[in-house]
Amino acid sequence: MPCQNQGFVLDGYPKTYDQARELFAADEEEDEGQDPAAEFDKTIMPEIVISLEATDEFLRNRVMHLPELAVSETHNMEEEFLRRLSLYRSLNAEDTTVLNYFDELEVHPDYIDIEPDKTPTMKTTVDAVRKLIGEPRNYGPTPEEKAEMDRIAQEERLRLEAQAHEERERQEAEEAAETAQRRGEWRSQLEDVKHEEQGVLEAASVPLRNYLLQHVMPTLTQGLIEVCKIRPDDPIDYLAEYLFENNPQID
C-alpha cells in the first residue's frame, strides 16, 4: 500500500479522544489495570500532529468571505458550518480534546495560529506545515521496489559466487602448477644426488677392485679352471679347499 511506503495525512479526523484511541488501538488485548491509551499500534501512529488554531469569530468571518461557488452545497455553508463548529467545541473541551490523546503518548502536537496569515491561499500557514513535516521521504520500499531490490541482491549474490568460484579455480590451478614445478625440481635434485652418490661409490670401489684383481682374481680364476678340469663331486668344497691351499697371503 502506498501509505505504508509514503506515509499518510489525516485531515480533520479523528475528531475526539475516543475516536483517536479506537483508530490507533493495538490489536493485542489490554492487560488488566493498564492505561488503555498506552496501548497503541506503533506502525500507524503519526509522527507529527498539527493543530491549526483560530477563534470562532475568525473562522466564521473566513467562511463568510469565501466565494459562493466554493461553499455552495458543501458543509461550509453558514448553517452547516456553525453546527459543525459548535459540535467540535462541545466534544473537545480543555481536558478531553483529541490532542490530549497524542500528548499522553509523547506525540506532542504542534500548534499553528492561522489568524495572522492574511494570504488568500494561506501560504504562510502551508509553509509552516511544510517546515514541520520536512522534505518528502519514503518510509520503506514498495512491494515493487522490494522485488527489484531482491532481484538486484540475487544478481549480486550470484555474481559474487561466480567470482569466488573463478578465484578458487585460479588459485587451485596456480597451486597445481606450483606443486608440479616443485616436484620436477625435487626429481631433478634427486637425480643429481644419485649421480653424486654413484660417483662417490665408484671412486671408493677402485682400491677394492684393484685389490681383487691383484690378489683374489688370479687364484680364483685358476681354481675355477681346476674345478672344470677335475669335475669333483662337490665343486664348492673343492674350490674352497683349493683357495685355502693356494692363498698367496699364507706362507
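The values are calculated or read from the model by the stated rules, or taken from the named source; none is laboratory data. The structure displayed is predicted, hence computed values, not measured ones. Using ideal geometry, Cβ is built from the backbone for each residue, glycine included, and neighbour counts are taken over all protein chains shown. Keep in mind that these areas ignore ligands, DNA and RNA; they rest on the heavy atoms of the full protein, side chains included. Shrake-Rupley method; radii C 1.70, N 1.55, O 1.52, S 1.80 Å.
Results, tabulated for the structure shown:
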{"item": "Residues of the stretch 20-30 satisfying the condition of being at pLDDT 55 or above and surrounded by 10 or more Cβ atoms within 10 Å (Cβ to Cβ)", "result": "20, 21, 22, 23, 24, 25, 26"}
{"item": "Residue in the stretch 140-157 that is farthest from residue 112 (Cα to Cα), counting only those that are surrounded by 12 or more Cβ atoms within 10 Å (Cβ to Cβ) and in contact with a helix residue (DSSP H, G or I) (Cβ under 8 Å, 6 or more places away or on another chain)", "result": "145"}
{"item": "Hey, residue 167 in contact (Cβ under 8 Å) with a residue 40 or more places away in the chain, farther than 20 Å from residue 10 by Cα and either acidic (Asp, Glu) or touching a Lys or Arg at 6+ places or on another chain (Cβ under 8 Å) (or both) or not", "result": "no"}
{"item": "Residue within the stretch 210-228 that is outside any loop (DSSP other than H, G, I, E, B) and either among the basic types (Lys, Arg) or closer than 30 Å to residue 6 by Cα (or both) present", "result": "no"}
{"item": "Residue list for the stretch 170-220, restricted to those being among the β-branched types (Val, Ile, Thr), surrounded by 10 or more Cβ atoms within 10 Å (Cβ to Cβ) and over 60 Å from the mean Cα position of the chain (by Cα)", "result": "200, 216, 219"}
{"item": "Enumeration of residues in the stretch 69-93 that are open to solvent by less than 80 Å² (accessible area, probe 1.4 Å), touching a helix residue (DSSP H, G or I) at 6+ places or on another chain (Cβ under 8 Å) and aliphatic (A, V, I, L, M)", "result": "71, 82, 85"}
{"item": "Flag for residue 160 being in contact with an Asp or Glu (Cβ under 8 Å, 6 or more places away or on another chain), open to solvent by less than 100 Å² (accessible area, probe 1.4 Å) and not hydroxyl-bearing (Ser, Thr, Tyr)", "result": "no"}
{"item": "Single residue of 103, 113 found to be open to solvent by 60 Å² or more (accessible area, probe 1.4 Å) and touching an Asp or Glu at 6+ places or on another chain (Cβ under 6 Å)", "result": "113"}
{"item": "Residue count for the stretch 128-139, restricted to those that are free of Cβ contacts under 8 Å to residues at least 40 places away in the same chain and open to solvent by less than 60 Å² (accessible area, probe 1.4 Å)", "result": "2"}
{"item": "Filter pass, residue 96 being in contact with a Pro (Cβ under 9 Å, 6 or more places away or on another chain), within 24 Å of residue 46 (Cα to Cα) and open to solvent by 50 Å² or more (accessible area, probe 1.4 Å)", "result": "no"}
{"item": "Tally, over the stretch 221-251, of residues that are open to solvent by less than 70 Å² (accessible area, probe 1.4 Å) and modelled with pLDDT under 80", "result": "1"}
{"item": "Pair list, Cβ under 8 Å, 6 or more apart: the stretch 7-26 residue within 17 Å of residue 51 (Cβ to Cβ), other residue of a type in the set (Gly, Ala, Ser)", "result": "14/20"}
